[in-house]
1. Identify the trypsin sites (Lys or Arg not before Pro) of the stretch 32-123 meeting these criteria: DSSP loop state and at most 10 other C-beta atoms within 10 Å of the C-beta.
2. Could you tell me the ratio Rg/Rh of the chain? Both radii from Cα atoms, Rh via Kirkwood.
3. So what's the back-of-envelope 222 nm ellipticity for the chain, counting only DSSP H runs of four-plus at -39500 (n - 2.57) apiece and dividing by all residues, rounded to 500?
4. Compare the Cα positions of Ser106, Tyr84, Ala61 along the charge dipole of the stretch 10-129 (+1 at Cβ of Lys, Arg; -1 at Cβ of Asp, Glu; about the Cα centre) and return the one farthest towards the positive end.
5. So, counting K/R as plus one and D/E as minus one, what does the shell of residues with Cβ under 14 Å around Leu16 add up to?
6. Using the Karplus curve 6.51 cos²θ - 1.76 cosθ + 1.60 with θ = phi - 60°, what ³J(HN,Hα) values do you get for each residue of the stretch 10-20, in whole Hz, with x for Gly and Pro?
Amino acid sequence: MNTHQEPLKKAIKYTLNHREYFTNFLLDGRIPFTNALSENAIRPVALARKNFLLSDTPQGAEASALVFSIIETAKANGLDPYEYLVHIFRNLPNLDFHNKPELLESHMPWADMLPELCYAKKTSKEAEEGK
């Protein structure tokens, strides 16, 4: 093969060597065909990375990652991220979760006991579709 074909040869070899990983979605219908949801969830981090003032340090980067994780998990659970953050910032300081970690469960984004205000408002189109 000439050198123009080397990248293609390398890609084909890689694909064949990792075939089982590329076909897992065929074995379990719960596995999405694409990784688009994950890619979209981290897009805000990738776009904002250059603007993070606190990410000069490992601690700043960790804090940024933690906040983005909370926000994206809130969105994935149908919450308004701003209202959810307000809720946890107001309520978590009053909890003795260091001694009783189970108290945190009712404040998780997937908890059924969150205040109605935390839930994202549906658009008129979503309301019509019954989402």
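None of the figures in this text is laboratory data; all of them are computed from the coordinates on show. Computed from a prediction, not measured in an experiment: that's the story for all the values here. A quick note on method: Cβ atoms are made from the backbone with ideal geometry, for glycine too, and the neighbour counts reach across all protein chains shown.
1. On the way: sites: Arg49, Lys50, Lys75, Arg90, Lys121, Lys122; in loops: Lys121, Lys122.
Those that pass, being in a loop and sparsely packed, are Lys121.
2. Details: Rg = 21.3 Å, Rh = 19.0 Å.
Rg/Rh: 1.12.
3. Details: 7 runs with 69 residues, N = 131.
About -15500 deg cm²/dmol.
4. Looking along the dipole axis, the top candidate is Ala61.
5. Working: positive: Lys9, Lys10, Lys13, Arg19; negative: Glu20.
Within the 14 Å Cβ shell, the charges total +3.
6. Each residue of the stretch 10-20 in turn: 5, 5, 5, 4, 4, 4, 5, 6, 10, 3, 4 Hz.
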